[in-house]
Structures are given as C-alpha cells and as structure tokens.
Amino acid sequence: MSDNPLLDKLLGPDGPELTCDECFEHLDRYVELEVAGADADAGVPGLRAHLAGCPACREEHDSLLALVAADQPKP
Ligand SMILES: [Zn+2]
C-alpha cells in the first residue's frame with residue numbers, strides 16, 4: 001500500500017487486472033491463442049489472473065474453449 005489512496009484504488013489489491021467487460025472483450029482472442037498453442041498470457045496480459053479470481057468468466061472461458069477446440073480441424 002502506498003501513501004496515496006487514489007493510486008491504491010487505481011492499482012487495486014493485486015496490480016493490474018481486467019474487469020469482466022474487458023475480459024469478455026478479449027476472451028475470443030485469448031481462447032484462439034490458447035487453441036493455436038500460442039502464448040495467450042502474453043497476448044492478453046492479466047486475463048488469466050482475472051479468470052483465476054472470477055468464476056463467471058472462467059466458466060465462459062471454459063465453454064468457449066471447448067467450442068473453439070471442437071471446431072479445430074484435426075492435424
Ligand atoms: Zn469476470
């Protein structure tokens with residue numbers, strides 16, 4: 001915690017983290033990167049942290065991941 005209450009409020013308890021709106025906004029891209037085997041965490045920083053702390057978004061992520069994965073052509 002700093003001496004600046006406004007800064008603490010801006011940074012939040014665990015540093016930068018996405019809101020649910022931002023999470024939904026980037027979820028498609030994040031899942032596509034995951035399915036492609038790319039570094040999804042680097043592509044959408046903070047999203048995994050949000051999923052870890054937000055069961056609703058994690059559920060959304062899991063169903064989207066299953067959907068996209070099922071849609072992938074098998075090599
Ligand atoms: Zn959320």
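Put a dot 7 Å past each Cα toward the Cβ at D39 and Q72; how far apart are the dots in nm?
For the pair Q72/D39, the computed spacing is 1.9 nm.
Where in region 34-75 does the label zone of C20 land, with the point 7 angstrom along Cα→C-beta and an amide N cut-off under 16 Å?
Output list for this probe position: 50-62.
Every read-out reported here was derived from the displayed coordinates using simple, explicitly stated rules and does not represent laboratory data. Nothing here was measured: the structure is a model prediction, and the numbers come from that model. Quick reminder, even Gly has a Cβ in these numbers, built from the backbone with ideal geometry, and neighbours come from all protein chains shown.
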